[in-house]
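First up is the structure itself, then whatever we jot down about it.
The values are calculated or read from the model by the stated rules, or taken from the named source; none is laboratory data. Treat the numbers as computed from the prediction; the structure is a model and nothing was measured. Heads up, the Cβs are rebuilt from the backbone with ideal geometry, glycines too, and the neighbour counts pull from every protein chain shown. Side chains are part of the model used for accessible areas, which takes the heavy atoms of the whole protein and leaves out ligands, DNA and RNA. Shrake-Rupley method; radii C 1.70, N 1.55, O 1.52, S 1.80 Å.
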Amino acid sequence: MKKNRLLVRTIILVILIGALGYTLYTNFFTTKELVKPGDQAPDFILTDLEGNKHKLSDYKGKGVFLNFWGTWCAPCEYEMPYMENQYNYYKDKDVVVLAVNIAESDIAVQNFVNKHELTFPILLDKDGQVKDAYGVKPLPTTFLIDKEGKVVEIQTRSMTERMVRDYMEKIKP
């Protein structure tokens with residue numbers, strides 16, 4: 001009887017250690033990026049604050065500065081004025097900013113937009129499907145997409161104005 005109990009406990013312990021090992025391996029040694037530089041950017045359709053639909057593939061031929069953000073995210077708020085300044089310069093050079101808000105209320109997003117006087121399209125990813133399709137984890141995350149719709153680079157930290165300018169220059173057609 002004692003031998004059977006010891007055997008069952010040993011088997012359970014081995015299974016638990018195996019599960020823990022697998023979890024640690026998948027979290028630390030496998031890539032979680034769904035979209036990588038060189039990949040075609042996944043197409044999507046999102047609505048902006050005015051109710052207009054934006055389809056990523058409609059921007060083919062232009063550079064797209066695709067930024068995922070939240071109103072509660074301090075680094076996101078820090079870079080928004082820089083994005084606005086550079087958008088005003090680059091919008092006539094076929095570079096567009098698409099700022100995708102993740103799952104927040106229209107009122108919170110509109111208040112943020114008003115506070116920062118943003119003029120570029122603010123898209124609403126209400127259910128997080130686009131965020132998930134791109135594999136976005138930290139906010140802010142920005143995908144630089146060239147005129148062919150390919151991801152050139154991914155930035156997962158807050159940017160200075162010089163960085164924003166350099167990235168827009170990089171995707172300018």
- prompt: From the Cα gyration tensor of the range 126-170, with a ≥ b ≥ c the square roots of its eigenvalues, which class applies: rounded if a/c is under 1.5, or else prolate if a/b is larger than b/c, or else oblate?
  reply: oblate
- prompt: What is the distance, in nm, between label points placed 7 Å from the Cα along the Cα-to-Cβ direction at GLN40 and at ASN4?
  reply: 6.0 nm
task: Put one equal scatterer on each alpha carbon of the range 52-104, apply the Debye formula with no solvent term, and list log10 I(q)/I(0) at q = 0.15, 0.25, 0.27 1/Å to two decimals.
output: -0.46, -1.05, -1.12
message: In Å², and per residue, what accessible area does the chain have when probed at 1.4 Å with the other protein chains present?
response: 59 Å²
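Under 13 Å from the Cβ of ASN101, count the other residues' Cβ atoms, weight Lys and Arg +1, Asp and Glu -1, and hand me the total. Walk me through the numbers on the way to the answer.
Details: positive: LYS126, LYS131; negative: ASP48, GLU77, GLU104, ASP106, ASP125, ASP127.
Overall, the nearby charge balance is -4.
Does the range 80-173 come out rounded, prolate or oblate by the C-alpha gyration tensor, with a ≥ b ≥ c the root eigenvalues, rounded set by a/c under 1.5 and, if not, prolate when a/b is larger than b/c and oblate if not? Kindly include the intermediate steps, with their values, before the conclusion.
Numbers: a/c = 1.75, a/b = 1.20, b/c = 1.46.
Judged from the Cα gyration tensor, the range 80-173 comes out oblate (a/c at least 1.5, b/c at or above a/b).
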field: HN-Hα J in Hz across the range 131-142 - Karplus 6.51, -1.76, 1.60, θ = phi - 60°, x for Gly and Pro
entry: 4, 5, 4, 8, x, 6, 10, x, 10, x, 9, 10
field: Per-pair calculated FRET efficiency, R0 = 41 Å: LEU20 and ARG162 via Cβ, rounded to 0.05
entry: 0.40
statement: The percentage of the accessible area of the chain (probe 1.4 Å, all protein chains present) made up of carbon and sulfur atoms, to the nearest whole number, is 57 percent
query: Which value in deg cm²/dmol, rounded to the nearest 500, describes the helix-derived mean residue ellipticity at 222 nm for the chain, given -39,500 (n - 2.57) per DSSP H run of n ≥ 4 and division by the residue count?
result: -13500 deg cm²/dmol
- line: Pairs over 28 Å Cα to Cα, from LYS131/LYS170; LYS126/LYS170; LYS115/LYS147, come to LYS126/LYS170; LYS115/LYS147
- request: Identify which of the listed values of semi-axes √(5λ) of the Cα gyration tensor in Å was calculated from the structure shown: (i) 27, 21, 13; (ii) 41, 18, 15; (iii) 23, 18, 16.
  value: (ii)
